[in-house]
1. Given the conditions (1) open to solvent by 60 Å² or more (accessible area, probe 1.4 Å); (2) in contact with a strand residue (DSSP E or B) (Cβ under 8 Å, 6 or more places away or on another chain); (3) part of a helix (DSSP H, G or I), report the number of the one that His132 does not fulfil.
2. For the structure I just gave you, tell me whether Ser116 is more than 30 Å from Val197 (Cβ to Cβ), crowded, with 16+ Cβ neighbours inside 10 Å and polar (S, T, N, Q).
3. In segment 5-56, which residues are free of Cβ contacts under 8 Å to residues at least 40 places away in the same chain and touching a helix residue (DSSP H, G or I) at 6+ places or on another chain (Cβ under 8 Å)?
4. Taking Thr51, is it at pLDDT 95 or above and open to solvent by less than 10 Å² (accessible area, probe 1.4 Å)?
5. Go through segment 209-236 and count every residue that is of a type outside the set (Val, Ile, Thr), out of contact with any His (no Cβ under 9 Å at 6 or more places or on another chain) and farther than 13 Å from Gly24 by Cβ.
6. If we keep just the residues of segment 57-87 that are open to solvent by 20 Å² or more (accessible area, probe 1.4 Å) and of a type in the set (A, V, I, L, M), which is farthest from Asp196 (Cα to Cα)?
7. For the subset of segment 88-107 comprising residues that are in contact (Cβ under 8 Å) with a residue 40 or more places away in the chain and open to solvent by 40 Å² or more (accessible area, probe 1.4 Å), which member is farthest from Ala28 (Cα to Cα)?
8. Being of a type in the set (Val, Ile, Thr), farther than 21 Å from Gly83 by Cβ and open to solvent by less than 40 Å² (accessible area, probe 1.4 Å) narrows it down to one of Val215, Val207, so name that one.
Amino acid sequence: MPEAPLLELRALDAFYGDFQALFGISMAVAPGQVVAVIGANGAGKSTLLKTIAGLIAAPRRDAVVFGGEPIGGLPAHGVVGRGIALVPEGRRLFPSLSVEENLLIGGRTRRPGPWSLEAVYGFFPVLAERRHSPSTALSGGQQQMVAIGRALMSNPRLLLCDEISLGLAPVIVRDIYARLPALAAQGTAMVIVEQDVSQALAAADHVFCLREGRVVLEDTARALTREAVAAAYFGV
């Protein structure tokens, strides 16, 4: 019998005021699965993550189901408490706080689980060396590690990653992505928004392509061809 989805989106719409940004998005994510969401700028990728995370209210409670419970419309702190953490685009660290203080903020939910300061420092050893440094003193790659570590400190069952490669050198991107399979191996599911299609296909089990707020392509990463992705991405 197939495993029940950890996350299920059921005909999810999303709005900014009167402007509709997402149209009937349906998606399922299993425990430990890595799902990539790709698409051009303005396709609705970040809006999708923000809606799952409770930063944008879903119009219906049953449009977002997590662990078998409808959570659409819950505020962001309620979503984090259920076990969903967002690594936002641009990292969004607190510039006046040290690395360790930024990480500790992520642990304020006190959800039980394997992630602690020691575990995050073991996962990203360079952060242990810079633990007392202000976050603004770190390189872009190190700041991204802090953002991921802060999310992990909430002991999420689902990690939402929004453009974690943005503005980073390719060697740093490869280093960060090389660590993600270890998270999935522990049972943490991930939804990764990426404009780097090659990186997304390499990291993911399943891929969704959005265009103008709609799913225009869905398949396993292994089955997708470059031609199919290009046609869906650009609408040609």
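The values are calculated or read from the model by the stated rules, or taken from the named source; none is laboratory data. If you're wondering where the values come from, they're calculated on a predicted model, not measured in any experiment. Positions of Cβ are backbone-derived with ideal geometry, glycine not excepted, and every protein chain shown enters the neighbour counts. Surface accessibility is based on the protein's heavy atoms, side chains included, excluding ligands, DNA and RNA. Shrake-Rupley method; radii C 1.70, N 1.55, O 1.52, S 1.80 Å.
1. (3)
2. It is false that Ser116 is more than 30 Å from Val197 (Cβ to Cβ), crowded, with 16+ Cβ neighbours inside 10 Å and polar (S, T, N, Q).
3. Scanning segment 5-56 gives Gly54, Leu55.
4. Details: at pLDDT 95 or above: yes; open to solvent by less than 10 Å² (accessible area, probe 1.4 Å): yes.
Answer is yes for this residue.
5. Restricting attention to segment 209-236, the residues satisfying the condition of being of a type outside the set (Val, Ile, Thr) are 209-214, 217-219, 221-224, 226-228, 230-235.
Going one step further and asking which of them are out of contact with any His (no Cβ under 9 Å at 6 or more places or on another chain), we end up with 209-214, 217, 222-224, 226-228, 230-235.
Subset that is farther than 13 Å from Gly24 by Cβ: 209, 211, 217, 222-224, 226-228, 230-235.
Matching residues across segment 209-236 total 15.
6. Among those that are open to solvent by 20 Å² or more (accessible area, probe 1.4 Å) and of a type in the set (A, V, I, L, M), it is Leu74.
7. Start the filter on segment 88-107 by keeping residues that are in contact (Cβ under 8 Å) with a residue 40 or more places away in the chain, which leaves 88-95, 99, 102-107.
Narrowing the set further to residues that are open to solvent by 40 Å² or more (accessible area, probe 1.4 Å) leaves 89-92, 94-95, 104-105.
On the way: Glu89: 22, Gly90: 26, Arg91: 26, Arg92: 28, Phe94: 33, Pro95: 36, Leu104: 31, Ile105: 29 Å.
This residue is Pro95.
8. When all the criteria are applied, what remains is Val207.
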